[in-house]
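Below is one structure, written out as structure tokens, with a few remarks after it.
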Amino acid sequence: MRDFSKGHEWLSINTATVRKQLGAEVPLDRIIDQCAERGIRAISPWRDQVAAVGLDPIAAQLKAHGIGLSGYCRGGFFPAPDAAGLKAALDDNRRAIDEAKTLNAPCLVLVVGALPGALDGKAAYKDLGRARHEVRDGIAATLDYAREVGMPLAIEPLHPMQAADRACINTLEQALDLCDELDAQKTGALGVALDIYHVWWDPKLQQQIVRAGQERLLAYHVCDWLTPTRDLLSDRGMMGDGVVELKKIRGWIEATGFAGFSEVEIFSNLDWWQRPGAETLDVCISRHKTAV
């Protein structure tokens, strides 16, 4: 297993981690500067943050700083109540792929979606099987274009608590079943983004990591699970502050041959988003050396 204790060259920052600083929204260009000041050499930005500054200016800034991407957030949200909605989702995912290509991302992360409208408290239907079928068909259709332009898609399974509103793919096993169905030859076009916050509890996690192998493991996200968790969406813990055996899991992942970034993704409305970004980034660097 790689020794992270002497540097942070394999640390990436998902920009959600510091998109709010002292409770206020911070533009992506400022976040990139803060990362560059600390020698952080990779980020994973969110589409809305990129759009707020501009795709081309962000691409130029990243190039000027020599900062790459560990992934691009996000595509997905395929299910819809009607044909027009399904087509709109496919069109939006095509745009996301184009943006990811412009930014030289190694993959587009897919949060696949679930019951349409559920995020707003008004689910258009309750058939989770239908949602999973629409996810399967949406990924299949999107994969054609992704292959054409050379942008790998990474399915991110989300914790079952979010099965109704954000993602109806909730285990690594489910995600890999889709990968095996849609990309049986393991061409590199389809894989998974493994987010510790969502999968650490899974009794099949080690087995499914072995199954995924280097070919399917396209991104690795880290944080920690706090006890108690005060808000299931936005009270993620800094690495080392919770109960996840982070080093053990990284050992499983690296045993497959994975040698990419550990991408810190922390939604923390009650703690880290209330602090200066400089403090959060400095602690990320420190904990990457000691806890990840």
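The values are calculated or read from the model by the stated rules, or taken from the named source; none is laboratory data. Note that the coordinates shown come from a computational prediction; the quantities given were computed from them, not determined experimentally. Every residue, glycine as well, gets a Cβ built from its backbone with ideal geometry; the counts of neighbours run over all protein chains shown.
How many residues does segment 254-281 contain that are closer than 11 Å to THR17 by Cα and touching a helix residue (DSSP H, G or I) at 6+ places or on another chain (Cβ under 7 Å)?
8
Please find, among ALA59, ALA96, the residue that is over 24 Å from SER286 (Cβ atoms) and crowded, with 21+ Cβ neighbours inside 10 Å.
Values: ALA59 fails: crowded, with 21+ Cβ neighbours inside 10 Å.
It is ALA96.
Any residue at all in segment 188-205 that's over 29 Å from SER234 (Cα atoms), surrounded by fewer than 22 Cβ atoms within 10 Å (Cβ to Cβ) and in the same structural domain as ASN93 (by TED's automatic domain parsing)?
Step one: filter segment 188-205 for residues over 29 Å from SER234 (Cα atoms), giving 188-189.
Checking which are surrounded by fewer than 22 Cβ atoms within 10 Å (Cβ to Cβ) leaves us with 188-189.
Filter once more, keeping what is in the same structural domain as ASN93 (by TED's automatic domain parsing): 188-189.
Checking segment 188-205: at least one residue is over 29 Å from SER234 (Cα atoms), surrounded by fewer than 22 Cβ atoms within 10 Å (Cβ to Cβ) and in the same structural domain as ASN93 (by TED's automatic domain parsing).
Looking at the structure I just gave you, is ALA51 in the same structural domain as GLY257 (by TED's automatic domain parsing), within 29 Å of PRO116 (Cβ to Cβ) and surrounded by fewer than 21 Cβ atoms within 10 Å (Cβ to Cβ)?
Working: in the same structural domain as GLY257 (by TED's automatic domain parsing): yes; within 29 Å of PRO116 (Cβ to Cβ): yes; surrounded by fewer than 21 Cβ atoms within 10 Å (Cβ to Cβ): yes.
Criteria met by ALA51.
Taking into account only those residues within segment 225-243 that are crowded, with 19+ Cβ neighbours inside 10 Å and touching a Phe, Trp or Tyr at 6+ places or on another chain (Cβ under 8 Å), which is nearest to LEU190 (Cα to Cα)?
Residue satisfying both the conditions and the ranking: ARG236.
Please determine whether any residue of segment 248-260 is in contact (Cβ under 8 Å) with a residue 60 or more places away in the chain and crowded, with 21+ Cβ neighbours inside 10 Å.
No, segment 248-260 has no match at all.
Take the residues of segment 101-126 that are assigned to a helix (DSSP H, G or I) and out of contact with any Lys or Arg (no Cβ under 9 Å at 6 or more places or on another chain): which is surrounded by the fewest Cβ atoms within 10 Å (Cβ to Cβ)?
Here is the first cut: in segment 101-126, the ones assigned to a helix (DSSP H, G or I) are 101-102, 118-120.
Remaining after also requiring out of contact with any Lys or Arg (no Cβ under 9 Å at 6 or more places or on another chain): 101-102, 120.
Working: LYS101: 15, THR102: 14, ASP120: 8.
Filtering first and then ranking leaves ASP120.
With the requirement that a residue be in a helix (DSSP H, G or I), of a type in the set (A, V, I, L, M, F, W, C) and touching a helix residue (DSSP H, G or I) at 6+ places or on another chain (Cβ under 8 Å), what does segment 136-184 give you?
The initial filter retains those residues of segment 136-184 that are in a helix (DSSP H, G or I), namely 136-149, 160-162, 172-182.
Right, trim to of a type in the set (A, V, I, L, M, F, W, C) and you get 139-141, 143, 146, 149, 161, 172, 175-176, 178-179, 182.
Answer for segment 136-184, where residues must be in a helix (DSSP H, G or I), of a type in the set (A, V, I, L, M, F, W, C) and touching a helix residue (DSSP H, G or I) at 6+ places or on another chain (Cβ under 8 Å): ILE139, ALA140, ALA141, LEU143, ALA146, VAL149, LEU172, LEU176, LEU178, CYS179, LEU182.
Any idea which of (1) touching a Phe, Trp or Tyr at 6+ places or on another chain (Cβ under 8 Å); (2) within 24 Å of ALA131 (Cα to Cα); (3) touching a residue at least 60 places away in the same chain (Cβ under 8 Å) is the one LEU194 doesn't satisfy?
That leaves (3) as the condition not met.
Residues that are among the charged types (D, E, K, R), at least 3 per element: which helices (runs of 4 or more DSSP H) completely within segment 8-87 meet that? Break it down into steps so the answer makes sense when it comes.
Values: elements: 28-37, 47-53, 55-65.
Those helices (runs of 4 or more DSSP H) span 28-37.
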